[in-house]
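The next block holds one structure in the form of structure tokens; read it before the comments.
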Amino acid sequence: MTPPVPGTSPVAAAPLQGRLALYGPDFAADPHGHYRRLREQGPVARVSIAPDVDAMLVTDYHAAVDLLRDTDTFTKDPRAWQEGVPADSPVLPVLGHRPTALFTDGAVHARYRDAINDTLALIEPHLLRAEVARVAQRLITGFSAIGTGDLIAQYARRLPMHVFTASFGVAPEDIERVVRGTAGMMDSAADSAAAYDDLVGVVTGLVTRRRAAPGRDLTSYLLAHPAGLDDNEAVRQITLIMSSGHEPTANLIGNALLRMLGDTGYGGSLHGGATTAQEAVNDVLWRDPPIANLGAHFPRHDTEFHGVPLRAGQLVLVSFAAANTQSLPSASDPAVRSGDSAHLAWSTGPHRCPAKQPALLMAMTAIEQITSQLCDLELAVEPAELIWRPGPFHRAPAHLPVRFTPLDPHPGPDVSGRSDAVDHVPARVGGTPNG
């Protein structure tokens, strides 16, 4: 951290330039243009993330790494900042305090994080891959006979949540509520609070049922963890896992498919292209990470960070997208195509994403499944005509219309016997979280 200039008060320094809005259709249509303008202000710039809600946005790669690793200067607890935010602000479902690993520090954070890590460690990769393939087949069958589809609404947004809900034991009739809840809270729209509340309602009912009658699912494992989570803590960790697991994974699938279909090497089609699924995913994680701006931190005291004055309790966000593109290797650099992980799409420091490997496995398998089965997929519109979902936190197209040669409408029988959910949980059978 850059020390303050002797004889000056950090909070008395000159105010930053005017702020840009990170919400609305203008930002969604051209986020990188906004990031270029913000970088002109230095490594940290003032932005607006919702009406009457400002933040400081870190756009510099090295400053972002410093922030994400500095637990002495910054806290993850938003309550001091939250006191000055309108109670109905659409960003509170994402940034408002609750007892989870995302909003805590020190021993409390370690307790929550251990419970999450140990629970996610129960997911067996080969079973997860098989489960994703099963769900992918069911979803593809739902529209493959038509010859057209929306790879966001009918595939990318639905697949991860079907897997997550099966893993946690969510009832089939509640799956759509979970999908709407996780997507709605990230949109930071007028109904985002209602979307989050409904998600909490679904998970609360699930925790109540599993507390009374444990099953072989991740909810039961979490409740049995030595961390001894009470019901509210368990509900909040599960909603955190679902929201931070579903939305980024869905966006990663959609963004990578768009990258493959929009690649000039493909001519708008998958025929004859050179970009693989892994290369498309790596490219998206560098250039258009599915969570573009988040990593909320709050100074513990008035300070100066990379030459910019910050007040105690002020909201400081990390632009993973801006930081990545600033230090993006050249297109000819083989590191980009070999899966180099120096990007910040998964964050870094003590709050780095705990579900990186399952998310990557889900995204890669989902992409491989649909591109192998609908091998002549092509965009039904020009890439420039696509509309991107508004909101300050994510990067995702609202729809991804495609066309392809229709498939046989009479696939083999559904061995699961369920038309709207899966009944196979991609976790170890038996044992305990520490087993």
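The values are calculated or read from the model by the stated rules, or taken from the named source; none is laboratory data. Please read all numbers here as calculations on a predicted model, not as lab measurements. When we count neighbours, we look across all protein chains shown, and the Cβ atoms used for this are built from the backbone with ideal geometry, even at glycine.
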Residue under question is residue 79, and the condition is that it be surrounded by fewer than 17 Cβ atoms within 10 Å (Cβ to Cβ), in contact (Cβ under 8 Å) with a residue 12 or more places away in the chain and within 16 Å of residue 294 (Cα to Cα); does it hold? no
When you scan region 238-260, do you find a residue that is closer than 24 Å to residue 109 by Cβ, surrounded by fewer than 21 Cβ atoms within 10 Å (Cβ to Cβ) and without any contact (Cβ under 8 Å) to a residue 40 or more places away in the chain, even just one? no
If you go through region 320-376, how many residues are at pLDDT 85 or above and either more than 30 Å from residue 74 (Cβ to Cβ) or part of a helix (DSSP H, G or I) (or both)? 30
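So that you can scan it fast, the table gives a plain yes or no per residue for (1) closer than 21 Å to residue 252 by Cβ; (2) modelled with pLDDT of 95 or more:
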residue: 287; (1), (2): yes, no
residue: 292; (1), (2): yes, yes
residue: 295; (1), (2): yes, yes
residue: 299; (1), (2): no, yes
residue: 304; (1), (2): no, yes
residue: 314; (1), (2): no, yes
residue: 318; (1), (2): yes, yes
Within region 273-317, which residues are basic (Lys, Arg) and more than 30 Å from residue 370 (Cβ to Cβ)? 300, 311
Would region 228-246 turn up any residue that is within 18 Å of residue 344 (Cα to Cα), small (Gly, Ala, Ser), out of contact with any Cys (no Cβ under 8 Å at 6 or more places or on another chain) and at pLDDT below 95? yes
Are any residues in region 377-406 under 14 Å from residue 32 (Cα atoms) and outside any loop (DSSP other than H, G, I, E, B), and if so, which ones? 388, 394
Exactly one condition in (1) touching a strand residue (DSSP E or B) at 6+ places or on another chain (Cβ under 8 Å); (2) farther than 22 Å from residue 182 by Cβ is false for residue 141; which is it? (1)
So, in region 362-390, how many residues would count as being crowded, with 18+ Cβ neighbours inside 10 Å and in contact with a strand residue (DSSP E or B) (Cβ under 9 Å, 6 or more places away or on another chain)? 5
Among the residues that make up region 173-182, is at least one of them closer than 30 Å to residue 52 by Cβ, among the small types (Gly, Ala, Ser) and under 18 Å from the mean Cα position of the chain (by Cα)? yes
Quick check on my filter: what residues within region 38-53 are free of Cβ contacts under 8 Å to residues at least 40 places away in the same chain, surrounded by 14 or more Cβ atoms within 10 Å (Cβ to Cβ) and not hydrophobic (A, V, I, L, M, F, W, C)? 41, 46, 48
By residue number, the members of region 210-219 that are touching a residue at least 24 places away in the same chain (Cβ under 8 Å), assigned to a helix (DSSP H, G or I) and more than 24 Å from the chain's Cα centre (by Cα) are 210
Any idea which residue in region 131-154 is farthest from residue 364 (Cα to Cα), counting only those that are in a helix (DSSP H, G or I) and small (Gly, Ala, Ser)? 153
I'm checking my understanding of the structure. Among residues of region 113-151 that are more than 21 Å from the chain's Cα centre (by Cα), polar (S, T, N, Q) and surrounded by fewer than 19 Cβ atoms within 10 Å (Cβ to Cβ), which one is farthest from residue 380 (Cα to Cα)? 137
